[in-house]
Amino acid sequence: MSLRDVEVRARKTEAIIALAIILATSPIIIGFSLIILSSFSKSMVTNFDPSSFHLTLENWINLLQGKSAAVGGLKENILKYTLNTAVVALGVSLVVTLVGTMSGYAISRMNFRYRKHFLLLILLLHAFPGSVLIVGVYFIYRLMSPIAMGSITTFSFFYVIIARASLEIPMAVWLMKGFFDLIPWEVEWAALIDGASRLTVWRKVMLPLVKPGIAAILLFGFLAGWQDLIYVRTFLAEKTLATFIEYNLGTLEFAEMPLVAAAATLYLLPTIIFFITSQQLLLKVSLAGLKR
Amino acid sequence: MKYKLKDFLRNKKYEYLIFILPALILIIIFYILPVALSVYISFTPLKNWNLDKYLGTIVGFRNYERFFHMLQYDPIIRNVFLTTIAFIGITLVINVLGGLLLALATYFVSQKFSSVFRTLWLLPRMAPIAVYSLVWYYFFHGSDIGTLNSFLMYLGLIKKPISWGYDIIPWGPWSIIIFVNGLVGVSFGMIIFTSAISNIPKELVIAARVDGASNWQISTKIFIPLMKWHILYVTTWQLLSLLTTYAHIFLLVQWGLVSKQYGTTWSLYIYQVAFTGRTDQGLAAAAGVILVIVGGILGYITLRILGFERMITKPRGDI
């Protein structure tokens, strides 16, 4: 542990600051807890009224069995939606990681002709998020989508993955550049002088050295794909957990809200698990923009 | 043929192409092409995504004229603009100040405690957007099931539930979208500032402590002056992202928690006009093109202010 401050700080002021932090965080804690709590109750418990809480596992059983009364008795296959969400998230994660590690290496280690322009482009796109281009992106989707109805689902998965991944590419490239920048040059020189090609150096020498970076970018890509709502609802031919929640709240009168709360809790679960297991990695990822 | 390709790839001069090609292709398909197509669509009367019927017709600048005409005379578009300005201005202040306060506050408490709370503050940014929206849907719900309403009624501050998204126009709906997006943005500032503080030599803090400086004095006299670049970075970066993101408020408007009239920002408006209800892609594309131009200019200024040249130093000792 590094030295942060002297030991003689007043305990009292520290307690006051800690209390202020807790107070400021309380809406987040209360909001999320109430949704999770509601998923174990017969009706929503969002109003501090203990009488509305009746412990039950019914929501979870109904949810996992797909016996949802949510939309007029329609069967909802929640496991399939979870699987769809996971497919999108994993796809985004892999695409982002592959592209990020390749281009990150190039701009960190190679001095090519248009390097400056490429970097400027990446930084500009990083600063100016591409989600606003969705009208054009949907237009391309329509132009490219196959006529045959059978293949449209597969195509929509493919498209939503690469389109969503592209949003994260500038960030990913910049993040990986930062990780490659930290590796000493001597390692690479040795391999290059021995006659290895850049591709071999990248694959066999560099990638093993940036494992923390790869883990960070895999996680970051996964969470980006997992949390997405807009791209999934716009392009995907099938439902995910996000669109399930969206449509069920749209029909509030018929929907069993605690069931939706259970779906939301299920949806939140991987995020929480990653939070507990890889805090430091998440903080590292969020710092990616800050490399000078 | 195969031999020649291999030869080409072996050539040192073009080796980099293999590495940047995947990124380049994705950037062309999903950034450059969409901008070009948006410009084209903005010159057509495209409606309801009926490509066959409308795509061949060019109407010149009519969509842009409509947009500016509506800006002057249509209260809906005018409200979109007022909302955008209020939303960006206030959320930006909350993001930067909130992030700064959190970073400073968590510095002065024990490390274990602060790392738990810093992680909690990442939740709004990392949680699935649909879940995050659901949380605030119930928190701000206009009836007595809303968490905020029931809390205020419990305290006796209000007699009957307030419909936050509709009642106090325009500040009710504005407060909700500002609050919901503000929480997402605070974590960005907090992380950047926390890292900046951890890079400041601690001898400065200790010397100040020995001289009897308080937390407040250490913050304002040491930390903040040394973080000027970071504050600028967070402010400009956050400005651009607030201008273009709409995912976190989309469902709040869609679900009717906040009034559409005062809960729609410019970028959300583009999405709504293009994809929900009676769609009009020509108009949406025109509004989008203007936003891209504004954003592009702001982005370029941002990079100039932050010292772009400093961020892209050449790789050392390339062979």
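The values are calculated or read from the model by the stated rules, or taken from the named source; none is laboratory data. Quantities reported herein were computed from a predicted structural model and do not represent experimental measurements. Note: ideal-geometry Cβ built from the backbone for every residue, glycine included; neighbour counts use all protein chains shown.
Each residue in the range A:121-158 was checked for being of a type in the set (Phe, Trp, Tyr) and outside any helix (DSSP H, G or I), and 1 pass. Looking for something part of a helix (DSSP H, G or I), more than 12 Å from chain B (Cβ to nearest Cβ) and of a type in the set (S, T, N, Q) - is there at least one such residue anywhere in the range A:159-179? No, that holds for no residue.
Looking for something within 18 Å of residue B:250 (Cβ to Cβ) and in contact (Cβ under 8 Å) with a residue 24 or more places away in the chain - is there at least one such residue anywhere in the range B:141-150? Checking the range B:141-150: at least one residue is within 18 Å of residue B:250 (Cβ to Cβ) and in contact (Cβ under 8 Å) with a residue 24 or more places away in the chain. In the range A:98-109, of all residues being closer than 11 Å to residue B:22 by Cα and of a type in the set (Gly, Ala, Ser), the one that is farthest from the other protein chains (Cβ to nearest Cβ) corresponds to A:100. Looking across the range A:1-53 at every residue that is outside any loop (DSSP other than H, G, I, E, B) and modelled with pLDDT under 80, the one that is nearest to the other protein chains (Cβ to nearest Cβ) is identified as A:52. Any residue that is modelled with pLDDT under 90, facing chain B (nearest Cβ under 7 Å) and touching an Asp or Glu at 6+ places or on another chain (Cβ under 6 Å) - is there at least one of those in the range A:190-201? Looking through the range A:190-201, at least one residue is modelled with pLDDT under 90, facing chain B (nearest Cβ under 7 Å) and touching an Asp or Glu at 6+ places or on another chain (Cβ under 6 Å).
Under 6 Å by Cβ, and 6 or more places apart or on different chains, what pairs join a residue from the range A:124-152 that is aliphatic (A, V, I, L, M) with one that is in a loop (DSSP other than H, G, I, E, B) and modelled with pLDDT of 85 or more? Hits for this filter: A:152/A:237.
Exactly one residue out of A:166, A:156 is in contact with an Asp or Glu (Cβ under 8 Å, 6 or more places away or on another chain) and under 30 Å from residue A:80 (Cα atoms): that is A:156. Each residue in the range B:149-181 was checked for being crowded, with 22+ Cβ neighbours inside 10 Å and within 15 Å of residue A:30 (Cβ to Cβ), and 2 pass. When residue A:254 is tested against (1) at pLDDT below 85; (2) part of a helix (DSSP H, G or I), just one condition goes unmet, and that condition is (2).
Report the residue count in the range B:267-299 for those that are out of contact with any helix residue (DSSP H, G or I) (no Cβ under 9 Å at 6 or more places or on another chain) and within 8 Å of chain A (Cβ to nearest Cβ).
Quick first cut of the range B:267-299, residues out of contact with any helix residue (DSSP H, G or I) (no Cβ under 9 Å at 6 or more places or on another chain) only: B:277-278, B:293, B:297.
Restricting the remaining residues to those that are within 8 Å of chain A (Cβ to nearest Cβ) gives none.
The total comes to 0.
Per the listing A:112, A:118, the residue uniquely within 14 Å of chain B (Cβ to nearest Cβ), in a loop (DSSP other than H, G, I, E, B), on the phi < 0 side of the Ramachandran plot and not aliphatic (A, V, I, L, M) is A:112. Of the residues making up the range A:131-158, those that are surrounded by 15 or more Cβ atoms within 10 Å (Cβ to Cβ), over 14 Å from residue A:230 (Cβ atoms) and within 10 Å of chain B (Cβ to nearest Cβ) are A:136, A:139, A:140.
Run residue B:150 past the list (1) out of contact with any Asp or Glu (no Cβ under 9 Å at 6 or more places or on another chain); (2) small (Gly, Ala, Ser); (3) within 12 Å of chain A (Cβ to nearest Cβ) and report the number of the one that doesn't hold. Of (1) out of contact with any Asp or Glu (no Cβ under 9 Å at 6 or more places or on another chain); (2) small (Gly, Ala, Ser); (3) within 12 Å of chain A (Cβ to nearest Cβ), only one is false for residue B:150: (1). Considering every residue within the range A:222-230, establish whether at least one is of a type in the set (D, E, K, R), at negative phi, assigned to a helix (DSSP H, G or I) and within 20 Å of the chain's Cα centre (by Cα). Checked the range A:222-230: no residue is of a type in the set (D, E, K, R), at negative phi, assigned to a helix (DSSP H, G or I) and within 20 Å of the chain's Cα centre (by Cα). Among the residues of the range B:37-61, which ones are away from every other protein chain (no Cβ under 11 Å), crowded, with 17+ Cβ neighbours inside 10 Å and not in a loop (DSSP other than H, G, I, E, B)? Selection gives B:54 alone. Might you check whether a residue that is modelled with pLDDT of 85 or more, in contact with a His (Cβ under 8 Å, 6 or more places away or on another chain) and over 30 Å from residue B:261 (Cα atoms) occurs anywhere in the range B:187-194? There is at least one residue in the range B:187-194 that is modelled with pLDDT of 85 or more, in contact with a His (Cβ under 8 Å, 6 or more places away or on another chain) and over 30 Å from residue B:261 (Cα atoms). Restricting B:73, B:107 to residues that are of a type in the set (Phe, Trp, Tyr) and within 14 Å of chain A (Cβ to nearest Cβ) narrows the list to B:107. Among all residues of the range A:183-203, there is at least one that is among the basic types (Lys, Arg) and without any contact (Cβ under 8 Å) to a residue 60 or more places away in the chain.
Quick check on residue A:229: is it free of Cβ contacts under 8 Å to residues at least 24 places away in the same chain and buried (at least 18 other Cβ atoms within 10 Å of the Cβ)? Steps first, answer last, please.
Values: free of Cβ contacts under 8 Å to residues at least 24 places away in the same chain: yes; buried (at least 18 other Cβ atoms within 10 Å of the Cβ): yes.
Yes, satisfied.
All of B:253, B:258 fail the test of being crowded, with 23+ Cβ neighbours inside 10 Å and assigned to a loop (DSSP other than H, G, I, E, B), apart from B:258.
Close Cβ contacts (under 7 Å, 6 or more residues apart or on different chains) running from residues in the range A:98-118 that are under 13 Å from residue A:199 (Cα atoms) to residues that are surrounded by fewer than 19 Cβ atoms within 10 Å (Cβ to Cβ) and of a type in the set (A, V, I, L, M) comprise A:101/A:207; A:101/A:214.
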